[in-house]
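Notes to accompany the following structure.
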Amino acid sequence: MIAFAVFFIFSLLFYLVLTAGSGNIVFWAPEELFFGVLFAAITALLAKRLFQAMGIKPTARMLSPKRWLIFLVYAAGPFFYAMILANIDVACRVITGKIKPGIVKISPGMKTDFSTTMLANSITLTPGTLSVDVDKKGNLYIHWIFVKDKQPSVADICGSFPKWVRRIAE
Amino acid sequence: MIPLTNELLACAGALAALMLVCLLRVAKGPTAPDRVVAADAINTMVVVAMVLIGGAFREVIYIDIAIIYSMLSFASTLFIAKHLEANA
Amino acid sequence: MMEIVVYALLAIGLFFQAMGAIALHRFPDVYTRMHGTTKCTTLGSIFMCSGVVVYGAVLAFSGEAQYAILSVHSLVAALFLLLTNPAGAHAIARAAHRSGVMPKLAVVDRLQEAKKDDF
């Protein structure tokens, strides 16, 4: 039931964003609202069965507005800043060609698959690091373009990100 | 505000030139993942070029196509990655 | 006045896209190339899409309200690229390492060591 609600709300929101401006009930035409609800229900039913078959369980935490707010603050603040730094860093390395690559291992100790995914995605877009693989214990293998330390701590690679991701996804 | 049609189209043209640069890497290889990475970069640039052309002609339909294209290119990248893994 | 903002966003975006394309030819192996393509093309795309977002918003505020959807849809496109690009790069990097493409010039490769003693 929770799975159905999560998928229904997200697909309905997506449909509403894409059809905004079609009429005058707030922003939407009545037929768009009707078909939005219909298609969101069909999509949610299909997605629920698909995710059940894969053994993935969405939780009610995904609907919490507080977590979404923290997520937006995180995306606009520390994450975006790190991303700009990462791009300037890569641009310098493209021009100077100064690299010293290697694959290192970190153990961030995330509890859920979802938070591990989010941390891995954040690491990929931040300075000098690219996540390559993850093992069953949740250890991440990171390709580092300029290895300063062969046994880095979690803070060396991703700074304060694990703290943020824990607050958002756990 | 003056219409920025030409400027946006010029940017889309510049992106097309960058796509050719990436295409050179697709042709050269040397390994399969190299080609996939270059193709992925081309996909991203195609999406952005479509958004720019949509802005230039003020047609939302181009941008809708760009959204769908980005989803399909993501799916195709994942499928190719799976294929490479299975052939290891 | 707002034209300058759009020009600046487009120029920054184009610069980073160019860096991403050049990185494909400057770097020696697939992993370092991936650094260039994922980071630079993602941020470049966000900047170029924000150019169109600002353009649509300015058009909407100067009286042609139907162009606000141009902004909203460009924003959704940028968001999709931001979500899907790193995940796609992760998939390719994993597939590359599993299909036996090793990082060149690497000073350390923990993943290879982990694979040797039963991953």
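Quick notes on this one:
- Some residue of segment C:53-66 being within 8 Å of chain B (Cβ to nearest Cβ), not in a helix (DSSP H, G or I) and not basic (Lys, Arg): yes
- Any hit, segment A:131-151, residues being assigned to a loop (DSSP other than H, G, I, E, B), open to solvent by less than 10 Å² (accessible area, probe 1.4 Å) and more than 25 Å from residue A:67 (Cβ to Cβ): yes
- Residue that is facing another protein chain (nearest Cβ under 7 Å) and open to solvent by 30 Å² or more (accessible area, probe 1.4 Å), where the choices are C:12, C:4, C:69: C:69
- Of all the criteria given as (1) facing chain C (nearest Cβ under 8 Å); (2) part of a helix (DSSP H, G or I); (3) more than 24 Å from residue C:19 (Cβ to Cβ); (4) not small (Gly, Ala, Ser), the one not satisfied by residue B:62 is (1).
- Yes/no for residue B:35 being among the basic types (Lys, Arg), in a helix (DSSP H, G or I) and either facing another protein chain (nearest Cβ under 7 Å) or open to solvent by less than 20 Å² (accessible area, probe 1.4 Å) (or both): no
- Cβ-Cβ contacts under 7 Å between residues 6 or more apart (or on different chains), taken from a first residue in segment A:92-107 that is free of Cβ contacts under 8 Å to residues at least 24 places away in the same chain to a second residue that is surrounded by fewer than 21 Cβ atoms within 10 Å (Cβ to Cβ) and of a type in the set (D, E, K, R), are listed as A:94/C:26; A:97/C:26.
- Of the criteria (1) over 15 Å from residue C:18 (Cβ atoms); (2) more than 8 Å from chain B (Cβ to nearest Cβ), which one residue C:36 fails: (1)
- Selection count, segment B:47-59, where residues are open to solvent by less than 30 Å² (accessible area, probe 1.4 Å) and of a type in the set (A, V, I, L, M, F, W, C): 6
The values are calculated or read from the model by the stated rules, or taken from the named source; none is laboratory data. Remember, predicted model here, so these are calculated numbers, not experimental data. Please note: Cβ atoms are built from the backbone with ideal geometry, for glycine as well, and neighbour counts cover all protein chains shown. The area values use the complete protein model at the heavy-atom level, side chains included, leaving out ligands, DNA and RNA. Shrake-Rupley method; radii C 1.70, N 1.55, O 1.52, S 1.80 Å.
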